[in-house]
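These notes concern the structure reproduced below.
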Amino acid sequence: MSPEPARYGTFHVDHLLVGVEVARLEEVLAPRPLTPVPLAPVEVRGVVNVRGRILTAVCLRRFLGLAPAADASAAHAVVRLGDEALSLLVDRPGDVVAPPASAEVPVPAATSERFRSRLSRAYAGDGRLLFVLDLASLDAVTARPQAERRPA
Amino acid sequence: MSDDGEIVAAFLAETAEGLDRLETDLVALEADPTSPALLAGVFRTFHTVKGTSGFLGFRQVEDLSHAAEDFLGELRDGNLQLTRAHLGGLLEVVDALRSLLGAIRAGGAEDDRDHEELLARLAQRGDERPAPPVPPPPRRAAAGPGTTGTLAERSVRVDVELLDRILRRVGELVLARNQLAAHRGARGGGGLDAPLQRLSALLGELQADVSRTRMQPIGQLLAKLPRLVRDLAGQCGKSVRLDLDGGDTELDRSVLEAVRDPLVHLVRNAVDHGLEMPAARTDAGKDPTGRVAVRARHEQGQVVLEVTDDGAGIDPERVGRRAVERGLIAPAELASLSEAAILELVFTPGFSTAAAVTTLSGRGVGMDVVRANVERIGGAVGLHSVPGAGTTVRARIPLTLAIVPALLVSCRGSRYALPQASVLELARLGDAALGHPERVEDTVVARRRDEVLPLARLDELLGLGGAGREAPGTVAVVQSGEARLGVVVDGVIGTEEIVVVPLGRHLRHLGAYAGATVLGDGAVALVLDVAGLAPPAGRSDVA
């Protein structure tokens, strides 16, 4: 008995296609105003109001070490991370796909270690790679001041 | 929103409720497979979903609910005997419908999904194997399905966002009343005293009434549990009876939202870790069917939520051993602890990880997270366990979230909330109360009456840098413990009653914030934690 292929919601992030397991994806939302959080880790672009819930918005471009977006508006992919929901800022949403296990390929070794450590696998298909985000790695967003405090 | 949008939104809300009811009824049907009332209820719900989805052109929802309706028709007419496999199929239909609703909610349309196999299985009337023995029915203290008619006629459906808006408006009214009272104070009574008092009394009552509209019965959370327990029990190979009690206990909806995850986690724990396998239970002289009870009740202005299992209990010796293995406690320290104190160790972060994690209760969420979640909303969690007899986890939670009056200030184009309890007064640099800032060595201070008050710019406190900007002149004098600090802000916007919501895990450690709040216009403002606003070392640009 072969297991059902996992389904992924896909998102365009810079020139890449990044996938999130559908089971962990709560919803996808249009761009909306963010409140910046001074002193927050660099990947955190701010907090956002989603129907009264206040979610932390993590910029996937920064998280994956990609070029920052020229355009500040970005769609929100709301994912479940342990006991809370988190908004991932993506350029725009793509389709839901279910790549067969046979399409799995190694994450290209030429990418940065930081990039590789934040993905759980990659699939080849339709002429482009799908990188599956390792949601557990979002815990790697830790305290790093956004702006240096004035040195004493 | 367009008319169509409203129709679809209403369809989504009603169907989501219908699916919740279906799930509860289907699990109840498992225990009582021939109940005409339950069969009719399930049939009716599928029928309604089929009708509305067909009208709105959601083809997949229609096909699935149609197939389920046909299938139930045969059951109802007695042509078919309900088996466990049938029920599994029907629950799969509920899951499939739910994910289609999710797609419609997110994208306005059904996503492309293949339900052929499920439809074919329903058409073939599923598996004809005889049903294995089913566990006894979950006992529900609340009224059963189909008895809510009179209540429904006396209630209306209101969007919760509208309720939130009304609550905020009441907060604004309170603010306007305060301004009016201050104005009157300045120019003397003028016959306004009596109407103002009346206004205050009415506002108080209005606030209490509006708060009550946000109360929801915890039953809607409990209604998810029979399905959860059924699935979990199946996966673990255990036989479980679930008792629910106190479903009509009411809580503010934001509190309800906050206890959802902890409750689910506690129930998962009880089934997965608490209860023994049937054989082990028989050996121990217990009923092979384990019992999990979830009870809610009001007590002293709080809600008490209990999850009890009659499983093996928690062995303090094992807990102690594990805590030592994980380096959470030194062996010598362990020896000095009472049994109750040792049990408390299960709430320590890092206690329930790796080895203890199964696919069911795992997901890296331990008792520490349950405790953190409950404490975040001002509650408390305790644990009581008797080896061999079972475990009870008891959470005390507030009825409503703390609504605190706050001062809204602006800084660098953003709004921040300062809880008013920590604000002593507002002043301007250079006015009589504060005087002009002076530099004393590396600190900038102002004389506030007979004390010397250290000053710090908010943008500097928040690491935004203040250099090169003209010093703003408004000062909020705040107090934390014994320490006082003059926080220099760009301006004061006003006061507002806010509901403080905790920040997510990536921001909770920052110290500068007590949480965040949604303002009247829907934007989020950070709530400053006065104790965490450490004045920066070194010179400042206030002077």
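Here's the picture: a label point sits 7 Å out from the Cα of B:Ala10 along the beta-carbon direction, and within segment B:40-66 the residues with their amide nitrogen under 18 Å of it are B:48-58.
If neighbour count is taken as other Cβ atoms inside 10 Å, put B:Asp431, B:Asp111 in order from fewest to most. Numbers along the way, then the final one.
On the way: B:Asp431 11, B:Asp111 17.
Listed from fewest to most nearby Cβ atoms, that is B:Asp431, B:Asp111.
Between B:Glu205 and B:Arg447, the simple spin-label model (points 7 angstrom out along Cα→Cβ) gives 5.3 nm.
So what's the back-of-envelope 222 nm ellipticity for chain A, counting only DSSP H runs of four-plus at -39500 (n - 2.57) apiece and dividing by all residues, rounded to 500?
Values: 2 runs with 9 residues, N = 152.
Calculated mean residue ellipticity at 222 nm is -1000 deg cm²/dmol.
Taking amide H positions as modeled 1.01 Å from N, with prolines and chain starts lacking one, the residues under 5 Å from A:Val42 and 5 or more places away or on another chain are A:Arg144. Segment B:206-263 gives an Rg/Rh value of 1.14, both radii derived from C-alpha positions and Rh following Kirkwood. Each label point was placed 7 Å from the Cα along the Cα-to-Cβ direction; for A:Arg116 and B:Leu424 their separation is 5.8 nm. Our summary gives chain A a relative contact order of 29 percent, counting only alpha carbon pairs under 8 angstrom and 6 or more residues apart. Counting every pair of alpha carbons in segment B:389-435, the share spaced more than 16 Å apart comes to 67 percent.
As a calculated quantity, the FRET efficiency between B:Gln81 and B:Glu117 at R0 = 30 Å, using C-beta atoms, amounts to about 0.85.
For B:Gly430, the shell of other residues with beta-carbons less than 13 Å away shows a net charge of +1, using +1 for Lys and Arg and -1 for Asp and Glu.
Count the net charge of all other residues whose Cβ sits under 12 Å from the Cβ of A:Pro36, scoring Lys and Arg as +1 and Asp and Glu as -1. Mind showing how you got there, number by number?
Values: positive: A:Arg45, B:Arg412, B:Arg415; negative: none.
Every neighbour counted, the sum reads +3.
Only the Cβ atoms of Lys and Arg (+1) and of Asp and Glu (-1) were treated as charged; on that basis the dipole of segment A:10-73 about its Cα centre amounts to roughly 200 debye.
Using all pairs of distinct alpha-carbon atoms, the Kirkwood hydrodynamic radius of segment B:200-349 works out to 18.0 angstrom. Rounded to the nearest 0.05, what FRET efficiency is calculated for A:Asp139 and B:Arg105 with R0 set to 25 Å and r the Cβ-Cβ distance? Here the calculated transfer efficiency is 0.30. Note on A:Ala67 and B:Val160: the model spin-label points, each 7 Å out from Cα along the C-beta direction, lie 4.2 nm apart. GNM on chain A, alpha-carbon springs under 10 angstrom: the most fluctuating residue among A:Pro36, A:Pro100, A:Pro108 is A:Pro108.
State, as an integer percentage, the relative contact order of segment A:24-96 based on alpha-carbon contacts under 8 Å between residues 6 or more apart. Worked out over segment A:24-96, it gives 33 percent. Based on C-alpha pairs under 8 angstrom that are at least 6 apart in sequence, segment B:8-96 has a relative contact order of 31 percent.
Per residue Cα convex hull volume for segment B:427-466, in cubic angstrom? It would help to have the intermediate numbers written out before the result.
Numbers: hull volume 2.8 nm³, N = 40.
Taking the convex hull of the Cα positions in segment B:427-466, it is 71 Å³ per residue.
Would you mind classifying segment A:33-96 by shape? Square roots of the alpha carbon gyration tensor eigenvalues, ordered a ≥ b ≥ c; an a/c under 1.5 is rounded, otherwise it is prolate if a/b is larger than b/c and oblate if not. Mind dumping the intermediate values first?
Numbers: a/c = 1.45, a/b = 1.11, b/c = 1.30.
Rounded, because the longest to shortest axis ratio a/c is under 1.5.
Cβ-Cβ distance of B:Leu328 and B:Glu482, R₀ of 45 Å, FRET efficiency by 1/(1 + (r/R0)^6): the value works out to about 0.85.
Around B:Val404, under 11 Å between beta carbons, what's the net of Lys plus Arg minus Asp minus Glu among the other residues? Don't jump to the answer; show the numbers that get you there.
Numbers: positive: none; negative: B:Glu496, B:Glu497.
After counting each charged neighbour, the total is -2.
FYI, it's all coordinate maths here, none of it is from the lab. In this text the structure is predicted, and so the values were computed from the model without any measurement. Here the Cβ is made from the backbone with ideal geometry for all residues, glycine too, and neighbour counts use every protein chain on show.
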